[in-house]
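Every number here is computed from the coordinates shown, using simple stated rules; none is lab data. Note that the coordinates shown come from a computational prediction; the quantities given were computed from them, not determined experimentally. Positions of Cβ are generated from backbone atoms using ideal geometry, with glycine treated the same way; all protein chains shown enter the neighbour counts.
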Amino acid sequence: MNRNLISGLLFLGAGSAIALTCAFTNPKTSNSMIDTMTNSEAKSFEKPDEVRTFPKGRLELINIGGATVGRGIFEPGWRWSTSVMPIAKTKSCEAPHFQYHVAGTLHVVMDDGTEYDLKPGDVSILPSGHDAWTVGNEAVVVVDFQGMVDYASGVHKH
């Protein structure tokens, strides 16, 4: 594969730096994932492949291009530890998430104590080990590109 490499330093202040190396593939010679796709496909959450419901929430799943994308809708008063924990049977959410936040405010507390208030327009990566709940009177809507395959199913593959 023909690659052009660009290296550089990202300065973080106080003398800290991280070395970055970015590889850009030549589209004429690469065999990246995009190049191996053979079919176009479009789906809508208006017609999900699967819907899972739980107290004060639901999950809509779409299977597309060999991946599963989930739209989580969490009503005011929803909290993972009271709505989904009884299904998951774990002390905290073990599903890792890569989410785009569409509506509402989601408060997340990681097992290490780190906290976030995630709002519309935010993108988050949340590893296993967290609790979360809605804040205020607006439903939270997230689109998750990673962690919803087994979410609220009672199956644990993470």
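Provide Ile64, Ile87 in ascending order of the number of other Cβ atoms located within 10 Å of each residue's Cβ, fewest first.
Ile64, Ile87
Quick check on the exposure proxy: order Arg52, Arg58 from fewest to most C-beta atoms within 10 angstrom.
Arg58, Arg52
Starting from the Cα of Asn39, step 7 Å toward the Cβ, then list every residue of the range 62-100 with an amide N under 20 Å from that point.
62-70
Quick one: Val84, Val102, fewest Cβ neighbours within 10 Å first, how do they rank? Walk me through the numbers on the way to the answer.
Working: Val84 25, Val102 16.
Fewest-to-most Cβ neighbours within 10 Å comes out as Val102, Val84.
Rounding to the nearest 20 debye, state how big the charge dipole of the range 79-128 is about its Cα centre with +1 on each Lys and Arg Cβ and -1 on each Asp and Glu Cβ.
240
Can you tell me, using C-alpha contacts under 8 Å and at least 6 residues apart, the relative contact order of the range 50-144 as a whole percent? Let's see the in-between values first.
Details: 225 pairs, mean separation 31.0, N = 95.
It comes to 33 percent, rounded to a whole number.
Give me Rg/Rg_expected for the range 50-144, where Rg uses Cα atoms only and Rg_expected = 2.2 N^0.38 Å with N residues.
1.00
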